[in-house]
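To start, the structure itself, in structure tokens.
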Amino acid sequence: MSKINRKRIRVTPYLIATLVVTLSFFLGISLGSVTIPLNEISKVISHHLLSGGPTPSEATYDSIVWDVRLPRVTLAFLVGSALSMAGAAFQGLLRNPLADPYTLGISSGSALGAVLVIYFAWQLPLLGAFTLPLIAIAAGFITMLLVLFFARLVQRNMAMETIILTGIIFSSFLGSLLSLTVALSGDELRQIITWLMGSVSMRGWTYVSLILPFFILGSILLMFNTQELNLLTFGEETAQQLGVHTQRRKLLIMIAASIMTGAAVAVAGTIGFVGLVIPHMVRLIWGADHRQLLPLSALFGGSFLILADLLARTIISPRTLPVGVITALIGAPVFAYILYRHRTKGGRQG
């Protein structure tokens, strides 16, 4: 009986997450300026994926679902999942619920790299369209290394608060460089500003194909290191005593999280707080075991961004807000609460 109960407890969060993802996809595809029934959505998807599938009753349904909403919702899910998994990994690695790609400055580094690609119209030989995500990933990883290096100079034992504050300093500095680039831009101005505010609109299947290989690679690397992440939460010395090659594993985890962050920023711009709020909420409800925390963060993070994007394009319809504005409006108060709770708990323990 106890085994059945334990199995039921393990299955329940994934069942809830699957239902939330399914509902989010349906709402994201169905709702908008034109409401599309579920049976028509099914017809469109089966028509494109299965040879000889049923034909939609109206041609406009096919165009709206397959060319506009489905790629938009899929991209939102992948971006939200990538940011949430990266946030969960950084929080576990640094043993701090306030860590995420946004607060550590990694998103700003990736954003600067991507903006420079747009501004100078760079395209590396043989890479083509993959120039944008690769440079964004490299810029994010370099930013992370600089944050850790500077934090070590300031405080040799690299306390978590020092790393967070260093990340905020770098984020502010890189933000000023982004503003300078915008001020100097001409014809690219509108594209850069729209991109910086964070959006998954009008991206199409091309952008889905850009993020997908990096998402898969980053996810595999993180999932292969879940046990090590669990041990690293107890401290490096304890992890070493239990046989973990801490330096190698830390580097792998940081590379994987940077890959996911850079790819997400490259295709959708700067979208804050997703990697901070979602992993923290999942941890509060279902615990800190990274074998469960990472996949659940991916599922709920992707669903959250789909719903945030749905709100962004319907709240003042027919105008569309950048999804980064919605996540900031939701995430900033939650971040303030997490900070207050974290400080209060620390004060009581002290």
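At an R0 of 30 angstrom, the distance between the Cβ atoms of SER179 and ILE16 translates into a FRET efficiency of 0.15.
Using the Cα gyration tensor of region 63-124, with a ≥ b ≥ c the square roots of its eigenvalues, what is the shape: rounded (a/c below 1.5), prolate (a/b larger than b/c) or oblate (neither)? The shape class here is oblate. Couplings 3J(HN,Hα) of region 55-62, computed from phi: 8, x, 5, 10, 5, 5, 4, 4 Hz, in residue order, whole Hz [Karplus 6.51 cos²θ - 1.76 cosθ + 1.60, θ = phi - 60°; x for Gly and Pro]. For GLY204, neighbours were defined as the other residues whose beta-carbon sits under 12 Å from its Cβ, and their charges (Lys and Arg +1, Asp and Glu -1) total +2. Across region 88-124, the residues whose backbone nitrogen lies under 20 Å from the label position 7 Å along the beta-carbon direction of GLU237 are 93-96. Applied to region 104-116, the Karplus parametrisation 6.51 cos²θ - 1.76 cosθ + 1.60 on θ = phi - 60° returns per-residue 3J(HN,Hα) values of 7, x, 5, 4, 5, x, 5, 5, 4, x, 5, 5, 5 Hz, with x for Gly and Pro. With R₀ fixed at 30 Å, the C-beta to C-beta distance from GLN247 to LEU339 puts the FRET efficiency at about 0.50. Annotation: amide H-H contacts under 5 Å for ALA99 (H modelled 1.01 Å from N, sequence separation of 5 or more, or interchain): none. Remark: accessible surface ordering of ILE142, ILE255 (largest first) is ILE142, ILE255, probe radius 1.4 Å. Per residue, the chain exposes 49 Å² of accessible surface when a 1.4 Å probe is rolled over the protein heavy atoms with every protein chain present. Taking 0.36 nm per residue of sequence separation and removing the Cα-Cα distance, the SER317/LEU217 pair yields an extension gain of 32.3 nm.
Computed across the chain, the Kirkwood hydrodynamic radius from all distinct Cα-Cα pairs reaches 21.0 Å.
Largest accessible area first, the listed residues ILE330, ILE211 line up as ILE330, ILE211 when surface is computed with a 1.4 Å probe on the assembled protein chains.
Distances between placed amide hydrogens fall under 5 Å for PHE273 paired with TYR102, all partners being 5 or more residues away or on another chain. For region 38-92 and region 158-231, what is the separation of their Cα centres, given in Å? When both Cα centres are located, 23 Å separates them. Specify whether the C-alpha gyration tensor of region 102-189 places it in the rounded, prolate or oblate class, a ≥ b ≥ c being the square roots of the eigenvalues: rounded for a/c under 1.5, otherwise prolate if a/b is larger than b/c and oblate if not. It is oblate, given that a/c is not under 1.5 and a/b is not larger than b/c. Among the protein heavy atoms, those of ILE164 account for about 20 Å² of accessible surface (1.4 Å probe, every chain in place). Is the shape of region 5-127 rounded, prolate or oblate, going by the alpha carbon gyration tensor and its root eigenvalues a ≥ b ≥ c, with a/c under 1.5 for rounded and a/b larger than b/c for prolate? Oblate. Rolling a 1.4 angstrom probe over the chain with all protein chains present gives an accessible area of which 67% lies on carbon and sulfur atoms. Per-residue SASA remark: TRP122, around 110 Å² accessible (1.4 Å probe; ligands, DNA and RNA not included). Heavy-atom accessible area, probed at 1.4 angstrom with all protein chains present, ranks PHE26, PHE120, PHE224 as PHE224, PHE120, PHE26, highest first.
Here the Karplus relation 6.51 cos²θ - 1.76 cosθ + 1.60, evaluated at θ = phi - 60°, turns the backbone of region 145-152 into coupling constants of 5, 5, 4, 5, 5, 5, 4, 5 Hz, with x for every Gly and Pro. Summed over qualifying helices (DSSP H, 4 residues or more, each -39500 (n - 2.57)) and divided by its residue number, the chain shows a 222 nm mean residue ellipticity of -25500 deg cm²/dmol.
The values are calculated or read from the model by the stated rules, or taken from the named source; none is laboratory data. Every value quoted in this text rests on a predicted model; they were computed, and no experiment measured them. Glycine also receives a Cβ, built like all others from the backbone with ideal geometry; neighbour counts cover every protein chain displayed. In case anyone asks, the SASA skips ligands and DNA or RNA and just uses the protein heavy atoms, side chains included. Shrake-Rupley method; radii C 1.70, N 1.55, O 1.52, S 1.80 Å.
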